[in-house]
Amino acid sequence: MSETTTNAHCSRRGCRAPADWALVWNNPKLHTPDRRKVWVACDEHREYLANFLGMRGFLRETVPMDEFEG
């Protein structure tokens, strides 16, 4: 795990909790299939952010931060 992922904070607006999850996504209308973007989430906001991305068809995978290689 890189220092960047070690110091990452949750992507939910207003949350400063350490990130425990990497939510890997892309918008197929804007990005090529191999392009990946990442939001990070604390345990409390993982489901909220995953649902937000999933409802739009953007979520590709959810990975624990200690396993994320991004």
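The values are calculated or read from the model by the stated rules, or taken from the named source; none is laboratory data. On a predicted model such as this, the values are computed, not experimentally measured, just so you know. So basically every Cβ, Gly included, is an ideal-geometry build from the backbone, and we count neighbours across all protein chains shown. These area figures cover heavy atoms from the full protein model, side chains too; ligands, DNA and RNA do not enter into them. Shrake-Rupley method; radii C 1.70, N 1.55, O 1.52, S 1.80 Å.
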Surface share of carbon and sulfur [accessible, 1.4 angstrom probe, percent] for segment 23-70: 48
Folded to 0 to 90 degrees: helix 43-55 orientation relative to the chain principal axis, Cα: 10
Restricting segment 3-70 to GluC sites (Glu not before Pro) in coil, as DSSP defines it, with at most 14 other Cβ within 10 Å: GLU69
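Go through segment 14-70 and name the trypsin sites (Lys or Arg not before Pro) that are in a DSSP coil and have 14 or fewer other Cβ atoms within 10 Å of their Cβ.
Values: sites: ARG16, LYS29, ARG35, ARG36, LYS37, ARG46, ARG56, ARG60; in loops: ARG16, LYS29, ARG35, ARG36, ARG56.
Within segment 14-70, the qualifying trypsin sites (Lys or Arg not before Pro) (loop, at most 14 other Cβ atoms within 10 Å) are ARG16, LYS29, ARG35, ARG36, ARG56.
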Overall Cα dimensions of segment 7-70, principal axis frame, Å, largest first: 31, 23, 15
Gaussian network model of the chain, springs between alpha carbon atoms under 10 Å - residue of ASP20, ASP43, ASP34 with greatest fluctuation: ASP34
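Relative contact order for the chain: what is it in percent, counting Cα pairs under 8 Å that are at least 6 residues apart? Spell out each step's value before the answer.
Working: 109 pairs, mean separation 27.2, N = 70.
So the answer I get is 39 percent.
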Surface per residue (accessible, 1.4 Å probe) for the chain, Å²: 70
Size of charge dipole - the chain - debye, nearest 20, with Cβ of Lys, Arg +1 and Asp, Glu -1, no other charges: 540
